[in-house]
1. Among the residues of segment 138-146, are any in contact with a helix residue (DSSP H, G or I) (Cβ under 8 Å, 6 or more places away or on another chain) and under 26 Å from LEU84 (Cα atoms)?
2. So which residues in segment 184-209 are at pLDDT below 95 and either among the polar types (S, T, N, Q) or farther than 23 Å from TRP257 by Cα (or both), if there are any at all?
3. Scanning for something under 23 Å from GLY295 (Cα atoms) and either more than 15 Å from the chain's Cα centre (by Cα) or crowded, with 20+ Cβ neighbours inside 10 Å (or both), does segment 223-242 turn up at least one residue?
4. Quick check on my filter: what residues within segment 277-302 are free of Cβ contacts under 8 Å to residues at least 40 places away in the same chain and either in contact with a Lys or Arg (Cβ under 7 Å, 6 or more places away or on another chain) or outside any loop (DSSP other than H, G, I, E, B) (or both)?
5. For segment 41-51, does any single residue satisfy the condition of being closer than 15 Å to ARG156 by Cα, surrounded by 15 or more Cβ atoms within 10 Å (Cβ to Cβ) and modelled with pLDDT of 95 or more?
6. Of everything in segment 320-355 that's closer than 21 Å to GLN200 by Cα and surrounded by 17 or more Cβ atoms within 10 Å (Cβ to Cβ), which residue is farthest from the chain's Cα centre (by Cα)?
7. With farther than 30 Å from VAL380 by Cα, of a type in the set (A, V, I, L, M, F, W, C) and modelled with pLDDT of 95 or more as the only criterion, which of ALA303, ALA250 stands out?
8. Which one is farthest from VAL230 (Cα to Cα) among residues in segment 347-397 that are among the aliphatic types (A, V, I, L, M) and assigned to a helix (DSSP H, G or I)?
Amino acid sequence: MRRLTRGLLIVLTTLVLASCATEPEPPSVKILSSSAPVDPTLPTLAELQPQVSFWRKVYSTWKRNQVALHDDRYLDIVYGVLTLPESGDESQTPEQKAFVKGHYENLKDLLAQVELKSASNIPMTPSEQALANHIKNSSGGSAAFFGASERLRTQRGLRERFKRGLEISGRYDATFRKIFYEAGLPEDLACLPHVESSFQYHAASSAGAVGIWQFMPGTARHFGMLNDAVDERRDPVAAAHGAARYLREAYDKLGSWPMALTSYNHGVGGMRRAQEALGNDFPAIVRSYAGPGFGFASRNFYAEFLAAREIARNPQRFFPEGIRFEPPLNLDRVRLRQAVDVATLSSYYDVNSWELASLNQAWKPAAQQGRIALPAGTMVWLPAGTITRIAQRGVAGQELVLADTLTAARLR
């Protein structure tokens, strides 16, 4: 059998086996009405702290040239952290992938051997016994042996990506917090893009989610963010308003923030099914629920959020080298009172159409190119000072637009 590479470190785990033929009936599910008050706190949940600790390391300790080998369900089992050969880039080279695969397969073999020998009371080699002792000393105890080889997973460090997200968040944080505050929701929901996209504007998932808030097309249409001319998923501020509407609706239907935030990944319907199976005990859902599509990402979504929030609250603690936050937004914004094409906007505001398109990347190509008009109600970004300049100019025709009262025309 191939030997495990020296230097792999083993850390504690929690392993809980749920296997009773006579399970009690799940507690009844209480769903809040739309008029119910919102819990202003986002609970930390002591049971999730092993997962939160893991994601803190992913976001603030492990770099992109490092890969952790860990248990995919009990995240306080981190077997080791590999340093990739050559410099770390956004994507791994074939050589780096082969390097990780070799270590992964070696460890998988060793875990399978330990599991077999433990179950059969067969004497172990010193390296096998050392691994067994570490697992046995974890909170999962000896039961953690079973299935460990099948739960082995790799996780690349995201320190550089998260730090860059913190820098970009300086542009939006105050605005996002104001949006959630005015919606009667916890302001810390502004941290959600750290989990969804690391504030990467052009983020797009293979499933079709787009923008820093990662809305799927169907959800965007449901909340009025997507039409033939505009895709507000690509406007961080407009999408934040959409996120506030979504999260309020999810909270009203599911009754807690851990459930509502996890629905951002797994869907409200999916979380309702989890409640029907296990009630309102969110840690129990994370620990035991095995419904369709409720995999690694869904189980960890709320823990990732808690880790991201903690780092965002204390950036100097986690990035002592310092962070260069981008300056807050300093743009004017108006809401169209009627359908208007880009050429008319450009002429009225005396702003080049290419600059308008650059500021308003939510506009689809047909709208940017003037083939269709922007519909009434569309929010339009303008260079800072444009509204003041137009007011001073005193030109007739100001019924064309209505200043956005939500942002007082200018965002700073």
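1. No: zero hits.
2. Initial filter on segment 184-209 (at pLDDT below 95): 200-209.
Within segment 184-209, GLN200, TYR201, HIS202, ALA203, ALA204, SER205, SER206, ALA207, GLY208 qualify.
3. Initially, segment 223-242 is screened for residues under 23 Å from GLY295 (Cα atoms), giving none.
Scanning segment 223-242 turns up no residue that is under 23 Å from GLY295 (Cα atoms) and either more than 15 Å from the chain's Cα centre (by Cα) or crowded, with 20+ Cβ neighbours inside 10 Å (or both).
4. Our first condition is that a residue be free of Cβ contacts under 8 Å to residues at least 40 places away in the same chain; within segment 277-302, this holds for 284-285, 289-295, 297-298.
If the condition is that a residue be free of Cβ contacts under 8 Å to residues at least 40 places away in the same chain and either in contact with a Lys or Arg (Cβ under 7 Å, 6 or more places away or on another chain) or outside any loop (DSSP other than H, G, I, E, B) (or both), then ALA284, ILE285, GLY291, ALA297, SER298 are the ones that fit.
5. Of the residues in segment 41-51, the ones closer than 15 Å to ARG156 by Cα are none.
No, segment 41-51 has no match at all.
6. Here the answer is LEU331.
7. Numbers: ALA250 fails: farther than 30 Å from VAL380 by Cα.
The conditions single out ALA303.
8. Start the filter on segment 347-397 by keeping residues that are among the aliphatic types (A, V, I, L, M), which leaves 351, 356-357, 359, 362, 366-367, 372-374, 376, 379-380, 382, 384, 387, 390-391, 395-396.
With assigned to a helix (DSSP H, G or I) added as a condition, the list becomes 356-357, 359, 366-367, 387, 390-391.
Working: LEU356: 13, ALA357: 12, LEU359: 13, ALA366: 9, ALA367: 8, ILE387: 22, ILE390: 25, ALA391: 27 Å.
Checked segment 347-397; the qualifying residue farthest from VAL230 (Cα to Cα) is ALA391.
The values are calculated or read from the model by the stated rules, or taken from the named source; none is laboratory data. Just so you know, these numbers come straight off a predicted model, no measurement behind them. Glycine also receives a Cβ, built like all others from the backbone with ideal geometry; neighbour counts cover every protein chain displayed.
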